[in-house]
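To keep things clear, I will list the structure first and then write my remarks on it.
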Amino acid sequence: KAPGRGVGTVRVSVSLNGVDYSGTSGVLEIFAQKTAWALEPSVGPKSGGFSVLIRIAGADSASDVTHCVFGATSVVAEAVGSQSVKCTAPQVQSSGAVSVSLSTGSGIVTLAGTVSFEYLEGVSIVGATPSRGPLTGGTRVAVVGSNFRVEGLECRFGVLAAQGGDVRFVSTTMIECVTPAALSPGTVAMEVSVDGGITFTSEEHSYLYETGALVESVRPSRGFMGEEGQTVTVAGQHFEPTQELRCRFGLSWTVRALLVSSSLVACNAPAGESGSMLVSVSLNGVDYSPSTARYVSSAPSSALALVPSLGPKSGGTTVRLTGLTGIAIEAV
């Protein structure tokens, strides 16, 4: 057993009596122990195939490291600078932690301390709702899949990342991601990571960024409470033929909308609501237009006064009708 001593070379000879040593000797090189003090990343999917950077302390260079050993599997190492190596994580059959060591030309050099890499079960996405939203972002998307976890959660919409407070863990089969703002409309890939953005799912789920609906007016702008089937026409811009196309009256009453054109939708006003309500339109059933138009619903009136009550058969007379609620309507 070699005694502890400093870095350098020493000649080794052998004695049979503890006094006289052999005239010939060999050279033993003693070098500083290499110590891995960081693995980046320290977790990843069991499918492998991604790069792991191992930062090394000790010795004067990482150039003599030839292989990284994950558990019992050895892979080729590539020097990155003087104190790091990069290796491709191998595929494994089951999830869990494995030890990491280095191999040099002198044999296996075990990294000091407890250095391990955790393999994770593969993450998959089944679906996401809604699958479209405005360029301004802020849409809360519910993502359903498998093997989600609290640590390392990140969503990616194209090249735009949602992380930190914009990602919420619900369960191992559901997370919520808040979409970041985008510069231009279009379809992008939507992906999820559970290792801090090192690897992402690649199941070709997409998300559509769109300009978003704008409301300009509603006609008629008045209606009667208690009467079913009162259809109003909402004029605006950027209306699309989506399954989630809806009108909202006030803050809570939502109804399905019928697309007439990219600038017109028709929807039924609520029969059980009264008062003044702001009308907005949604393309995805979640995000409603920032612009609105006002609609007023009131109780039906009984006519008390019709002034004037007669006029020429040629028409053209302005008639004022006043009801119980004080509403006055003028017609020619």
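The values are calculated or read from the model by the stated rules, or taken from the named source; none is laboratory data. Since we're looking at a predicted model, the values are computed, not measured. Virtual Cβ from ideal backbone geometry, glycine too; neighbours counted across all protein chains shown. Keep in mind that these areas ignore ligands, DNA and RNA; they rest on the heavy atoms of the full protein, side chains included. Shrake-Rupley method; radii C 1.70, N 1.55, O 1.52, S 1.80 Å.
Okay, here's what the table says:
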{"item": "Two-decimal Rg to Rh for region 119-198 - Kirkwood Rh, Cα set", "result": "0.94"}
{"item": "Sites residue 144 and residue 298 - FRET efficiency at Förster radius 45 Å, r taken between beta-carbons, to 0.05", "result": "0.55"}
{"item": "FRET efficiency estimate (nearest 0.05) - Cβ-Cβ, residue 251 to residue 291, R0 25 angstrom", "result": "0.95"}
{"item": "Region 132-279: relative contact order as a whole-number percent, Cα under 8 Å and 6+ apart", "result": "19"}
{"item": "Taking all pairs of distinct alpha-carbon atoms in region 172-264, Kirkwood radius in angstrom", "result": "16.8"}
{"item": "Accessible area of region 179-261 belonging to carbon and sulfur atoms, whole % at 1.4 Å probe", "result": "51"}
{"item": "Per-peptide average of other Cβ atoms within 10 Å, ordering 283-291, 269-277, 312-320 highest first", "result": "283-291, 269-277, 312-320"}
{"item": "Within region 182-221, GluC sites (Glu not before Pro) in DSSP loop having at most 10 other beta-carbon neighbours inside 10 Å", "result": "204"}
